[in-house]
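Colleague: Before I ask anything, here is the structure I am working with.
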Amino acid sequence: MESVTKLKDIATQVRRDIVRMVHAVQSGHPGGSLGCADFLTALYFNTMEHNPSFNMDAVNEDVFFLSNGHISPVFYSVLARSGYFDVKELATFRKLNTRLQGHPATHEHLPGVRIASGSLGQGMSVAIGAALSKKLNGDNHLVFSLHGDGELDEGQVWEAIMSATHLKVDNLISTIDWNGQQIDGPTSKVMNLGDLHIKFAAFGWVVIEMNGNDMDDVVATLDKAKSLTGNGQPVCILMKTEMGKGVDFMEGSHEWHGIAPNNDQLAKALAQLPETLGDY
Amino acid sequence: MLKDIQVLNEKETRGGFGEGIYAAGKANENVVVLTADLAGSLKLGPFIKDFPNRFVQCGIAEANMIGIAAGLTIGGKIPYTTTFANFSTGRVYDQIRQSVAYSGKNVKICASHAGLTLGEDGATHQILEDIGLMKMLPGMTVIVPCDFNQTKAATIAIADYNGPVYLRFGRPKWPNFTKEDGSDFVIGKAQQLSEGTDISIFACGHMVWKAIEAGRILEEKGLSVELINIHTIKPLDEAAIIASVKKTGCAVTCEEHNILGGLGESVSRVLSSNCPAPVELVGTKDTFGESGKPEELLKKYGLEAVDIVSAAEKAISRKK
C-alpha cells in the first residue's frame, strides 16, 4: 500500500508518460487518459491484489478490464510503472511491431492485457464472465472494469448491466469515467445520459460516486467499494473526472479526446508535470 | 459404393449437440454452457438438470453472451454459447471479432437452425452467410457436421481443442449414418465416403446426405464418384481435396449456404492454386431464403440431389 502523497507522485509521472507517448507518435488519446490517471494509479498501486508476473488466468488475484480501450496510454503507463513490463517499451507505443497497439490487445502478448478493447461496449460483459469464472473456481478475488460515459451509448453495456444483477455478480466493481465529453461534444448534447445514479440503481447495482481527480477520495472510495462486494449485488462507481486533467490547456474539453500535442504544447504540458519517477 | 451406406435413423443434428454437450460437461468440469433464451431449442435440458451451476442463462442478449463467454475463459473455463446461427454470428460479429477471435479466447460458438432447412420461420432466421463470416476471422475454426452422430462427436471433440470454434448445425430430422461412437470424425480431417475416378463431390452439413443421394444416381449411370465430407471448413484439409481432384479432374461442392463465401469458394481457392480443374458450386445463389417446408425450400433454391447430379455432369463435361 502506498501513501496518498506517493500515489500522487506516481500519477504525475503517468501523466508525463501519456503526453510523451502520444506526442512521440503524433497519435492517440490523451484527454481521457489524463482524466483517468489518478484512478488507474490508485487501482494498481493501492487497491488491487495483483501479480505483475503476468498469468492470463488471473488465479487468486484481482483482475482489471479496460473497456474504453482508446485510453490505452494511461493503461500502458500504469502497467509498466507497476512492473508488468519495462517502462522503456512505452517508447514503442503505436509503432510498427509494437506490443503496445493503438488499442489494447492480447495478440502480441503484452503482459497485463487480458482482452482486446477498442470497439466500445464489450468490456463489462467480459468482466462479468471473468467474475463468474472466479466464482466457479472458488476464487474470492475481485474483478474491476472501467468504461467511458460515452461508451454507455452502446446497447450491449445495458445488456451487461441488467445481467450482472440477474447473475448476482457481486464480485464486480465497474467504474464509469463520467467526464461528460465524447468525440462530437458534451454527452448532454450528443446523447444525454440522464441520471446515471438512478439508472444503475434501478438496474439493481450498488452505486457510489467519487471525484476521480482527488487521490484521497479515489483511495477511500475504492476501499469502500471493496467493502460493498459480496452482498449479492454488483458495485458501480460513478467517477467524476475532467478530461485532460493535469494539463491546463487540455482540461475540460472534448477537443483533446484524440489528438496529439505539438512540440510547443508538449513543452508546456511537461512544465506542469514534474518528473517524479524518471522518464522512460 | 455410396449405395452401401446405411441410414441408422433420422434425428435432428441439434439433438446430437444436446447429447454431446452433456457428455462434454460430464467429462470436463470446466465446460460451461451459455444460452440466449433458447435452452429448449438447443436441447440443453439434461445439461442444465445435472450441471446447473455451469449453465448461464443470458436472456435475449447475444452480444452480452459472447462477451461473458470470452471472460469465462479467463480462469480456464470452456464456454459454449448457444443460440440460432443467425444470432450466433451476424448479430454479434464485432463481439466475436474483438472479444473472441482477436483476443484468442477459447470460446465454442454453437449455432443451431442454420440454413434454409430452418423452414417456415423464413429469411430473418435462415442465415446463409455464416460460414463465410466465421471463416474470414483469423484463428477461427469452422465445423459443419453432417448428421446427429457427427454433431455429437464434434461437440465433444471441441472441448479438448484449444481455440475459438464455430460449430454449425440445424433444426430438422435428417438421415443419421456416421458412426455412433464418432470415431470417424477428426477435426480438420476430411471424411471420405466413397472412392471414385470420374468426379469429386465435396459437401458439408445437411448437404452431405443430398450428395450421397446424388452420388447414388451418378453411380447408377455408371460414373465413379468420390464423395468427401468436408465437415471442417477451416482449417481446410487441402491435401485431401488436391489428391482427390488430381485423380478425378473435376469437382462439385454442396452447401446449405451462399455460394459466395462458403465451402465452394474455399475448395475453388485451393484448386486454383494447386491443380486447376472445373468446379461447379451447389448452394444458394446470392439470395435470401423464405418461408416454406425444408424440402420445398431445398428444391426451390436448387439444393436437391438432382441439382448436384446436373452440376456433376456439367463439371465432367467441362473436363479437357
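Colleague: Please determine, by comparing only the residues of region A:164-176 that are open to solvent by less than 10 Å² (accessible area, probe 1.4 Å) and of a type outside the set (Val, Ile, Thr), which one is nearest to the chain's Cα centre (by Cα).
Modeller: Going through the qualifying residues, I end up with A:174.
Colleague: Looking at region A:250-264 only, could you name the residues that are within 19 Å of residue A:185 (Cβ to Cβ) and out of contact with any Pro (no Cβ under 9 Å at 6 or more places or on another chain)?
Modeller: The answer is A:251, A:252, A:253, A:255.
Colleague: Another one. Quick check on region B:100-112: of everything there that is closer than 23 Å to residue B:16 by Cα and surrounded by 24 or more Cβ atoms within 10 Å (Cβ to Cβ), which residue is nearest to the other protein chains (Cβ to nearest Cβ)?
Modeller: B:107
Quick grid of which residues meet (1) under 30 Å from residue B:100 (Cβ atoms); (2) surrounded by fewer than 16 Cβ atoms within 10 Å (Cβ to Cβ); (3) within 14 Å of the chain's Cα centre (by Cα):
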| site | (1), (2), (3) |
| --- | --- |
| B:166 | yes, no, yes |
| B:187 | yes, no, yes |
| B:196 | no, no, no |
| B:204 | yes, no, yes |
| B:214 | no, no, no |
| B:227 | no, no, no |
| B:239 | yes, yes, no |
| B:267 | yes, no, no |
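Colleague: Related question: So, residue B:154, is that one away from every other protein chain (no Cβ under 14 Å) and either at pLDDT 95 or above or not in a helix (DSSP H, G or I) (or both) or not?
Modeller: Here the answer is yes, as residue B:154 does meet what is asked.
Colleague: If you take the residues of region A:154-171 that are farther than 18 Å from residue A:237 by Cα and not in a helix (DSSP H, G or I), which of them is farthest from the other protein chains (Cβ to nearest Cβ)?
Modeller: Across region A:154-171, the extreme among qualifying residues is A:154.
Colleague: So is residue A:77 open to solvent by less than 10 Å² (accessible area, probe 1.4 Å), more than 14 Å from chain B (Cβ to nearest Cβ) and of a type in the set (S, T, N, Q) or not?
Modeller: yes
Colleague: State yes or no: is residue B:168 in contact (Cβ under 8 Å) with a residue 60 or more places away in the chain and touching a Pro at 6+ places or on another chain (Cβ under 9 Å)?
Modeller: Yes, satisfied.
Colleague: Let me ask something additional. Does residue A:221 meet the test of being farther than 26 Å from residue A:118 by Cβ, within 14 Å of chain B (Cβ to nearest Cβ) and not in a loop (DSSP other than H, G, I, E, B)?
Modeller: When the stated conditions are applied, residue A:221 does not pass them.
Here's the yes/no breakdown for (1) over 20 Å from the mean Cα position of the chain (by Cα); (2) under 26 Å from residue A:115 (Cα atoms); (3) crowded, with 24+ Cβ neighbours inside 10 Å; (4) among the hydrophobic types (A, V, I, L, M, F, W, C):
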residue	(1), (2), (3), (4)
B:49	yes, no, no, no
B:59	yes, yes, no, no
B:64	yes, yes, yes, no
B:72	yes, yes, yes, yes
B:86	no, yes, no, no
B:96	no, yes, yes, yes
B:118	no, no, yes, yes
B:125	no, no, no, no
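Colleague: Here is a follow-up. When you go through (1) more than 11 Å from every other protein chain (Cβ to nearest Cβ); (2) open to solvent by 10 Å² or more (accessible area, probe 1.4 Å); (3) touching a Gly at 6+ places or on another chain (Cβ under 8 Å) one by one for residue A:107, which number turns out not to apply?
Modeller: Result: residue A:107 passes all but (1).
Colleague: Among the residues of region B:249-265, write down those that are over 18 Å from the mean Cα position of the chain (by Cα) and within 20 Å of residue B:304 (Cβ to Cβ).
Modeller: Residue satisfying the conditions is B:251 alone.
Colleague: Something else now. Filter region B:106-141 for residues that are within 18 Å of residue B:43 (Cα to Cα), touching a Gly at 6+ places or on another chain (Cβ under 8 Å) and not in a helix (DSSP H, G or I) and give the result.
Modeller: Result: B:112, B:113, B:114.
Colleague: In region A:115-153, how many residues are assigned to a loop (DSSP other than H, G, I, E, B), surrounded by 24 or more Cβ atoms within 10 Å (Cβ to Cβ) and facing chain B (nearest Cβ under 7 Å)?
Modeller: So the answer is 3.
Colleague: Also, I was wondering about something else. Look through B:59, B:115, B:132 and report the one residue that is at the interface with chain A (Cβ under 8 Å from one of its Cβ atoms), out of contact with any Pro (no Cβ under 7 Å at 6 or more places or on another chain) and of a type outside the set (Ser, Thr, Tyr).
Modeller: The match here is B:59.
Colleague: Could I ask something else about it? Residues of region A:53-81 being more than 19 Å from residue A:141 (Cα to Cα) and in a loop (DSSP other than H, G, I, E, B), which ones?
Modeller: Passing the criteria: A:67, A:68.
Colleague: Follow-up question, since we're still on this one. Out of curiosity, is residue B:64 over 13 Å from residue B:167 (Cβ atoms) and away from every other protein chain (no Cβ under 14 Å)?
Modeller: Spelling it out, it is not the case that residue B:64 is over 13 Å from residue B:167 (Cβ atoms) and away from every other protein chain (no Cβ under 14 Å).
Colleague: Additional query: Check residue A:70 against each of (1) under 19 Å from residue A:240 (Cα atoms); (2) open to solvent by 10 Å² or more (accessible area, probe 1.4 Å); (3) in contact with a Phe, Trp or Tyr (Cβ under 6 Å, 6 or more places away or on another chain) and name the one condition it does not meet.
Modeller: For residue A:70, the exception is condition (3).
Here's the yes/no breakdown for (1) over 21 Å from residue B:27 (Cα atoms); (2) away from chain A (no Cβ under 14 Å):
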| site | (1), (2) |
| --- | --- |
| B:77 | no, no |
| B:85 | yes, yes |
| B:98 | yes, no |
| B:139 | yes, no |
| B:144 | yes, yes |
| B:161 | no, yes |
| B:177 | yes, yes |
| B:184 | no, yes |
| B:187 | no, yes |
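Colleague: Hey, among B:232, B:155, which residue is surrounded by 24 or more Cβ atoms within 10 Å (Cβ to Cβ) and not charged (D, E, K, R)?
Modeller: So the residue among B:232, B:155 that is surrounded by 24 or more Cβ atoms within 10 Å (Cβ to Cβ) and not charged (D, E, K, R) is B:155.
The values are calculated or read from the model by the stated rules, or taken from the named source; none is laboratory data. The model shown is predicted, which means the values in this text are computed figures rather than measured ones. Note that we place each Cβ from the backbone using ideal geometry, even for glycine, and neighbour counts take in every protein chain shown. SASA here: full protein model, heavy atoms, side chains in, ligands and nucleic acids out. Shrake-Rupley method; radii C 1.70, N 1.55, O 1.52, S 1.80 Å.
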